[in-house]
Every structure is written in C-alpha cells, then in structure tokens.
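The values are calculated or read from the model by the stated rules, or taken from the named source; none is laboratory data. Computed from a prediction, not measured in an experiment: that's the story for all the values here. Cβ placement follows ideal geometry from the backbone for every residue including glycine, while neighbour counts extend to all protein chains displayed. Remember, those area values only see protein heavy atoms, side chains included, never the ligands or the DNA or RNA. Shrake-Rupley method; radii C 1.70, N 1.55, O 1.52, S 1.80 Å.
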Amino acid sequence: MKRIFSGIKPSGRLHIGNYLGAIKNWLTLQDEYQCVWGIVDYHAITVPYDLIELEERVIDCAASYIAAGLDPEKSILMLQSQVKEHTELTWILNTITPIPWLERVPTFKDKAKQFSASLNMGLLDYPVLMAADIILYKADAVPVGEDQLPHLELTRKIVRRFNSTFGQIFPEPKSIISSGALIKGLDGKSKMGKSLENCIYLDETPEEIWKKLSTAVTDPQRIRRNDIGNPEVCNLFSLHKLFSTKDQINYVNNGCKTADIGCLDCKRILSDNISNELAPIRENLIKLKNNNDYLRDVLNEGIKKSKEIARQTMYEVYDKIGVTYKFLK
Ligand code: TYM
C-alpha cells in the first residue's frame, strides 16, 4: 500500500482553510493509502509562541483531526517532537542542502520580513524539517494546500540529491492538491491563516459564522444594493463553489450579476451551508475536548507506530551515509 504523510502546525485553532485545503482531502485518502497525519509542533516553535498555549493547541489539533473524520484505526496520528528521528534526519539532510535553496523559499522571505527581530535558523531550516517529516515515512504523496508547493518542490530536490549522493532509498513524493487549494481570508486579500484575524474556525457557532460573514469583503465594485456584481472577483463566491449546491451557485451567480439579490442574501445562504457542514465537526469537538484520555491514547499509539517506521528508515540511512561503524560492534 502506498504511503502518505501530511501535517498541520499547532499554532492556532484550525480554520476552514486547513479543512478545505488539507483535511477534507485527507478523509478521502485514508482508505486508499497508509496515512501518517502529523501534528508538527517543532515547526510551530520557529516563531515566538506561548508555552502553555502550545499544549492546548496540540490537544485541539488532535481533537480537530478526529472530529473532522480522520480515523485512528485506519491511519497513524502522531506528534512530531515525540519521534526524535524527525530531527535526526533533518540534521543529515542539512548536510546536503545548499543554503541558497533555502534562502529562495517564498515563505522564508515572508517570515524574514515579518520576524526580522527574531529571525532564527529554525525558520531557514523549516523546509528541511518538512522534507524529513515526509521522507522518514518514505511517503509517495503529500496532500497539502497550494501554499506548501514550494516546500514540496524542495523536498523532491533534497530527495534527488540524497539518492544520487548515497544511493536510492527515498521515493520522490508527489503533491496532492484539493479543490480548495488556496482559501483567502474574510478580508478577501491575504491567505486565510491561523495567525491572521481573517478566519472562520472549525468550532465556530452558526451565530459566530454569520457575524463574521456579514462583514466579510465581497466584490469591491458593488457598493450599493442595486449595483450589479461580478461573482468571479468575489471571495465569497469562491466559498460558495466549495460549500453550496449547484442550484444555489447558479442562483447566487445570476442574482449577483443582475442585482436581483444583495450581498447579504448571498452571505445568508453561504453562512447556513458552512454552519451545516461544520455542525458535526463542532459537535464531535465538544465531546472530544472532554476526553483527553482518549486523545492521549490515540497519540501515544500513533507515536509508537510511527517510531517503528522511522527506526527502519534510519537504519537504512545510517548504512548509506556510513555511520554504521563496524569497530564499535
Ligand atoms: P499549516 O499548518 O500552515 O497548514 C496546514 C495545511 O492546511 C493548508 N492550508 C490552506 N489551504 C488552503 N487555503 C488556506 N488558506 C490554507 N491555510 C492552510 C496548508 O496548505 C497545509 O496543507 N509546513 C506545513 C506543515 C508541515 C507539513 C509537513 C505539511 C510540516 N511538515 C510535511 C505536509 C508534510 C504548514 O505550515 O502547514
């Protein structure tokens, strides 16, 4: 069975960008592949963070995975920092990764500006840790949102360099991109992101969702109710395409172009549809949040299983890079 690795940084509550760009796709893949879903906490600590909150975020992330439908009986749910092989393999990959490859990564350039006062090696090395996450499990495919594609391209380059330097052991992982590959925030400008105040979170109530949507940016040219709109430039229309039925999408599309419906009418339909799709996730999350024992058992079991795979890979790596010193045996 082919293998998949993907993960989410526990740096904030999960939002519909994570859901549409990643998790929703993961649900369909868990039957076809052997999947490892990571909570990648060592990536989360590359920017300033709150120590107490980190633990809550990890628990929240595990709960969100299961609440959204990931089945711990079918896949492995693991916590990156607890499988030391991730950082061990990162070190080895560091020795074959040219620094300019890392300096060119778009997210590094962005973070270097955003965190200029606390720019650290972890931010530069971020994609190498990500490459280690993936190839430690010899993953054939990685389902992610579009923002992660430069990281995956770099992973493939590192794999090619490792295989050609030391001998073929790693497959070149391909990316799997969902239809919600790049969800913009409610401001209609930047990517929806955990650290930005532009998200709809997975655990929000219908009232909270409506409150946020009612002030969300639509077609900027449509100022008055009677102005005709252009759905193709409206961020909320792209959400309709992911949450609404075909008939509703046609209704909104035509109604907006003819000004038969106003932005609030369009938002009401979208708000109801998002609330309905998130309702079971929110209910599951409430139940799971009172069940830390279960979440701990799932993660402990996942850590154990992922360690077994990781150890196997590392034995092969030690052998290839020449650190299986015979005189010590
Ligand atoms: P992270 O935590 O930023 O996001 C997790 C997943 O959610 C997707 N995503 C989005 N998709 C569409 N629209 C959005 N607005 C949006 N925001 C987030 C991301 O594309 C991602 O799939 N570096 C990774 C975590 C990581 C990882 C890995 C992923 C570490 N190691 C190994 C895959 C394989 C990250 O920061 O994702």
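Between a residue in the range 240-264 that is within 21 Å of residue 16 (Cα to Cα) and any residue that is among the acidic types (Asp, Glu) and assigned to a helix (DSSP H, G or I), which pairs come within a Cβ distance under 7 Å, given they are 6 or more apart or on different chains?
From the range 240-264, the pairs are 243/277.
Please determine whether any residue of the range 232-242 is modelled with pLDDT of 95 or more, polar (S, T, N, Q) and more than 30 Å from residue 142 (Cβ to Cβ).
no
Does the range 20-31 include one or more residues that are more than 14 Å from the chain's Cα centre (by Cα) and either more than 30 Å from residue 273 (Cβ to Cβ) or basic (Lys, Arg) (or both)?
No, the range 20-31 has no match at all.
Determine which member of the set 17, 38, 7 is within 15 Å of the ligand (Cβ to nearest atom), closer than 22 Å to residue 172 by Cα and open to solvent by 10 Å² or more (accessible area, probe 1.4 Å).
Answer to the check: 7.
Just to be sure before I move on: is residue 195 of a type in the set (Gly, Ala, Ser), within 25 Å of residue 63 (Cβ to Cβ) and buried (at least 18 other Cβ atoms within 10 Å of the Cβ) in the structure I sent?
Spelling it out, it is not the case that residue 195 is of a type in the set (Gly, Ala, Ser), within 25 Å of residue 63 (Cβ to Cβ) and buried (at least 18 other Cβ atoms within 10 Å of the Cβ).
Could you please let me know if residue 165 is within 30 Å of residue 84 (Cα to Cα), assigned to a helix (DSSP H, G or I) and touching a residue at least 40 places away in the same chain (Cβ under 8 Å)?
Criteria met by residue 165.
Right, residue 289: open to solvent by 50 Å² or more (accessible area, probe 1.4 Å) and at pLDDT below 95 or not?
Against the criterion (open to solvent by 50 Å² or more (accessible area, probe 1.4 Å) and at pLDDT below 95), residue 289 qualifies.
For the range 140-165, enumerate the residues that are more than 9 Å from the ligand (Cβ to nearest atom) and either of a type outside the set (Lys, Arg) or modelled with pLDDT under 95 (or both).
Across the range 140-165, the qualifying residues are 140, 141, 150, 153, 154, 158, 159, 162, 163, 164, 165.
Return the residues of the range 51-81 that are farther than 14 Å from residue 36 by Cβ and among the β-branched types (Val, Ile, Thr); say none if nothing qualifies.
52, 58, 59, 66
Residues checked against (1) part of a helix (DSSP H, G or I); (2) without any contact (Cβ under 8 Å) to a residue 12 or more places away in the chain; (3) not assigned by TED's automatic domain parsing to the domain that holds residue 13:
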{"position": "67", "(1), (2), (3)": "yes, no, no"}
{"position": "109", "(1), (2), (3)": "yes, yes, no"}
{"position": "112", "(1), (2), (3)": "yes, yes, no"}
{"position": "128", "(1), (2), (3)": "yes, no, no"}
{"position": "132", "(1), (2), (3)": "yes, no, no"}
{"position": "139", "(1), (2), (3)": "no, no, no"}
{"position": "169", "(1), (2), (3)": "no, no, no"}
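Considering each of 228, 223, 200 in turn, give the residue that is within 24 Å of residue 44 (Cβ to Cβ), more than 9 Å from the ligand (Cβ to nearest atom), out of contact with any Ser or Thr (no Cβ under 6 Å at 6 or more places or on another chain) and hydrophobic (A, V, I, L, M, F, W, C).
So the residue among 228, 223, 200 that is within 24 Å of residue 44 (Cβ to Cβ), more than 9 Å from the ligand (Cβ to nearest atom), out of contact with any Ser or Thr (no Cβ under 6 Å at 6 or more places or on another chain) and hydrophobic (A, V, I, L, M, F, W, C) is 200.
Of all residues in the range 200-249, how many are part of a loop (DSSP other than H, G, I, E, B), within 26 Å of the chain's Cα centre (by Cα) and either crowded, with 17+ Cβ neighbours inside 10 Å or at positive phi (or both)?
8
Looking only at the range 166-181, filter to residues that are modelled with pLDDT of 95 or more and open to solvent by 80 Å² or more (accessible area, probe 1.4 Å); which one of those is farthest from residue 317 (Cα to Cα)?
The qualifying residue farthest from residue 317 (Cα to Cα) is 174.
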